[in-house]
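The block underneath contains the structure these notes are about, expressed in structure tokens.
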Amino acid sequence: MAGETSKTNKIRPAIFFEKYCQGSILDIGGGISSVTPGAEVFDLEHGDAQKILEYLEPESFDCVYSSHCLEHMLDARAAIEQWWALTSPGGHMIIVVPDEDLYEQGVWPSMFNSDHRYTFAISKEMFPLL
């Protein structure tokens, strides 16, 4: 969703940026609203985030961040594996996804975004749209 990170950044404490968003930062799906001004953005025009290792080198980022992108992947688990491979040793990966009960209102498949291929909830198992 456009602008989700900029909205969330307004309420994030400084420690979030000081501890986790330092060094070389990749924002997957960042569009025009990257997590920090210096983050490298990887979005649709750069390639397929599902196969991101075809475009970027493993272990090349201190922080890999993605907001509201994972739910659009064809295979969320495989995407996470690829994204994690980009994270340097000791680095951080931060993934923000919409909660099924809050965003989807507990209804799956989504009636709000037909491009959502996965749904997530803190107390439920992740499952794909088949």
Qualifying aspartates and glutamates (Cα of each under 15 Å from Cα of residue 19; at least 8 residues distant if same chain): 62
Amide H within-cut-off set for residue 33, under 5 Å, with H built and near neighbours excluded: 3
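Just to confirm the filter: which GluC sites (Glu not before Pro) across segment 59-110 are DSSP coil and have at most 13 other Cβ within 10 angstrom of their Cβ? Could the numbers behind the result be given before it?
Values: sites: 59, 71, 81, 100, 104; in loops: 59, 100, 104.
Of the GluC sites (Glu not before Pro), the ones in loops of segment 59-110 whose Cβ has at most 13 other Cβ atoms within 10 Å are 59.
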Counting pairs of alpha carbon atoms under 8 Å apart in space and at least six apart in sequence, what relative contact order in percent does the chain give? 20 percent
Using the heavy atoms of the protein chains alone and a 1.4 angstrom probe, what is the accessible area of the chain per residue in square angstrom? 57 Å²
Whole-Hz ³J(HN,Hα) for each residue in segment 61-75, computed from phi via Karplus 6.51 cos²θ - 1.76 cosθ + 1.60 with θ = phi - 60°, x for glycine and proline: what do you get? 9, 6, 9, 10, 10, 8, 10, 6, 10, 4, 5, 9, 6, 5, 9
Amide H neighbours of residue 92 at under 5 Å, excluding residues fewer than 5 places away on the same chain, with H built from the backbone geometry, are 63, 64
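Can you tell me, using C-alpha contacts under 8 Å and at least 6 residues apart, the relative contact order of segment 60-130 as a whole percent? It would help to have the intermediate numbers written out before the result.
Values: 100 pairs, mean separation 23.4, N = 71.
RCO, segment 60-130: 33 percent.
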Label-point separation, residue 84 to residue 54 (7 Å along Cα→Cβ), nm: 2.2 nm
Listed by chain and number, the residues whose amide H is under 5 Å from that of residue 117, excluding neighbours fewer than 5 places away on the same chain and using placed H, are 72, 73
Mean-square fluctuation maximum in Gaussian network of the chain, Cα pairs under 10 Å, restricted to 29, 38, 90, hits 90
Please report the carbon-and-sulfur percent of the accessible area for the chain; probe 1.4 Å, protein heavy atoms only, DNA, RNA and ligands left out. 57 percent
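The values are calculated or read from the model by the stated rules, or taken from the named source; none is laboratory data. Everything numeric here is computed off the predicted structure, so don't read it as measured data. Cβ coordinates were reconstructed from backbone atoms using ideal geometry, including for glycine residues, and neighbour counts include every protein chain displayed. Areas reflect the complete protein model, heavy atoms only, side chains present, ligands, DNA and RNA absent. Shrake-Rupley method; radii C 1.70, N 1.55, O 1.52, S 1.80 Å.
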